[in-house]
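The values are calculated or read from the model by the stated rules, or taken from the named source; none is laboratory data. Computed from a prediction, not measured in an experiment: that's the story for all the values here. Positions of Cβ are generated from backbone atoms using ideal geometry, with glycine treated the same way; all protein chains shown enter the neighbour counts. To get the accessible areas, we keep the full protein, side chains included, count just its heavy atoms, and leave off ligands, DNA and RNA. Shrake-Rupley method; radii C 1.70, N 1.55, O 1.52, S 1.80 Å.
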Amino acid sequence: NSGVITLLRPLLLDVVPSIQQTAALALGRLANYNEDLAEAVVKGDILPQLICSLSEQNRFYKKAAAFVLRAVGKHSPELAQAVVQCGALEMLVICLEDFDPGVKEAASWALEYIARHNAELSQAVVDAGAVPLLVLCIQEPEIALKRIAASTLSDISKHSPELAQTVVDAGAIAHLAQMILNPDAKLKRQVLSALSQIAKHSVDLAEVVVEAEIFPAVLTCLKDSDEYVKKNGATLIRDIAKHTPELSQLIVNAGGVAAVIDCIGSCRGTVRLPGIMMLGFVAAHSENLSMAVIVSKGIPPLCACLIEEEEDHTKAAAAWALGQIGRHTPAHARAVAVSNVLPILLSMYMDTHSSEDLQLKASILALKNIVQKCTYLPALEPLLHDAPTNIMKHIIGQFSKVLPHDSKARRLFVTIGGLKKVQEIKAEPGSLLQEYINTINNCYPEEVVR
């Protein structure tokens with residue numbers, strides 16, 4: 001408000017280098033503070049001035065200038081676009097080749113804050129020639145430079161398969177894969193993130209990541225003391241598993257399912273989410289893969305997530321995963337049903353406080369998936385008295401399949417009040433539900449039905 005920005009601008013061209021640097025630093029801190037101040041820096045015509053003198057300046061000024069560009073670009077795609085339009089990318093890419101690692105780091109950071117917004121800005125960073133130089137940066141000895149270069153590659157890759165392919169073509173994957181076991185937790189986070197942002201787009205890209213021999217190294221990350229390393233490791237495995245049964249099978253063979261199950265059991269909160277999703281994707285692909293999740297004892301920790309977690313989206317993911325495990329055959333459905341999870345899913349569906357995702361999508365879908373295949377009647381009985389019509393139809397359908405062939409089940413059905421419940425159901429004449437009810441009634445003498 002006092003007009004400081006206009007007073008700082010001429011100081012960028014001062015004859016004393018330390019005044020130039022300090023003025024740039026002051027502008028950077030102002031721009032960093034909020035979007036309005038960043039806009040004021042752009043409108044004050046500061047950026048062209050910063051850039052025009054950059055090439056002949058010392059490393060301190062270069063770092064300060066890159067800081068200003070990062071501070072402006074971070075707030076919004078529009079401000080990042082303003083940074084691109086004033087020709088900053090070319091200068092930042094030149095800084096990536098600087099002798100000083102601090103200058104490289106500052107430039108990489110500024111490029112990351114531009115690339116993270118959207119595919120167009122990311123493409124501009126690629127077109128400026130940044131990617132091969134960032135791949136060189138991750139090979140430098142300085143850990144801080146490695147971290148920020150990996151993070152920038154991650155943000156470039158995330159937007160589209162084409163951008164991820166650019167990073168692959170520059171040879172990034174082999175170097176990233178080697179750093180999975182680096183002792184520095186923050187570097188591991190960025191490396192795992194970059195690999196998963198590449199692998200998530202397509203089967204081909206996921207296969208390229210797998211071919212870099214990331215297994216079994218990535219499984220050790222699931223035991224890491226750093227929560228984000230765990231989470232990013234699980235995310236990478238999930239983003240590979242989701243594509244094809246073959247990729248999922250490869251993860252199973254490497255011991256990935258057991259490792260993810262242990263990871264889910266040993267942590268709480270959103271760290272669990274990618275692991276939960278991974279188990280769901282693996283189970284969804286085929287009967288055998290689903291059985292691999294069951295045999296590895298994947299059902300109990302997923303049931304625990306339904307009970308322990310606060311967040312609806314984590315519960316919804318667990319419900320979805322259980323539905324994927326149980327939907328294949330009666331054996332799969334029984335494995336899920338005997339864990340006593342069906343009443344929990346039903347209560348989530350009936351709970352008016354549940355989010356739409358949890359209530360209408362995950363829990364009801366999981367219930368349908370499991371009930372439609374479940375011939376294990378003791379697990380279905382608790383649902384008989386509370387289930388809404390849309391689920392009741394499937395439950396009655398399963399009883400109508402089993403009761404005609406099983407005298408023990410018929411007796412039990414009467415004693416638990418199942419037959420009485422069936423008589424209370426109002427079904428449309430001629431409907432499938434009415435057919436099921438008739439089949440069940442035909443299993444008993446008329447006086448018992450009456």
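Computed over the chain with a Gaussian network model linking Cα atoms closer than 10 Å, the most mobile of V371, V402, V218 is V402. On the principal axes of its alpha carbon atoms, region 384-449 extends 27, 24, 20 Å, with the longest extent given first. Placing K420, K393, K361 in order of accessible area, with the largest value first and a 1.4 Å probe, yields K420, K361, K393. For M350, the solvent-accessible surface with a 1.4 Å probe is about 90 Å², rounded to the nearest 10.
Sorting F215, F281 on solvent-accessible area from highest to lowest, probe radius 1.4 Å, gives F281, F215. Normalised per residue, the accessible area of the chain is 44 Å², obtained with a 1.4 Å probe and no contribution from ligands, DNA or RNA. The slack in the chain from A185 to E97, taken as 0.36 nm per residue of separation less the alpha-carbon distance, amounts to 29.0 nm.
Only one item in (i) 24, 52, 21, 3, 0; (ii) 23, 38, 25, 12, 3, 0; (iii) 21, 55, 21, 2, 0 matches P(r) over Cα pairs in 20 Å bins from 0, in percent derived from the coordinates shown, and that item is (ii). Computed over protein heavy atoms with a 1.4 Å probe, the carbon and sulfur contribution to the accessible area of region 173-299 reaches 52%. To put it simply, the accessible area of region 384-449 at a 1.4 Å probe is 52 percent carbon and sulfur.
A protection proxy built from the mean count of other Cβ atoms within 10 Å ranks the segments 425-434, 180-189, most packed first, as 180-189, 425-434. Taking Cα atoms only, the orientation of helix 17-33 departs from the longest principal axis of the chain by about 30 degrees.
The charge dipole of the chain, taken about its Cα centre with unit charges on the Cβ of Lys, Arg, Asp and Glu (plus for the first two, minus for the last two), comes to roughly 1480 debye. Residue by residue, region 429-436 carries 3J(HN,Hα) couplings of x, x, 7, 4, 4, 5, 4, 4 Hz when phi is fed to the Karplus relation 6.51 cos²θ - 1.76 cosθ + 1.60 (θ = phi - 60°); x denotes Gly or Pro. What is the helix-to-structure angle for 59-73, meaning the angle in degrees between its Cα long axis and the longest Cα principal axis of the chain, kept from 0 to 90 and rounded to the nearest 10? Its long axis makes an angle of about 40 degrees.
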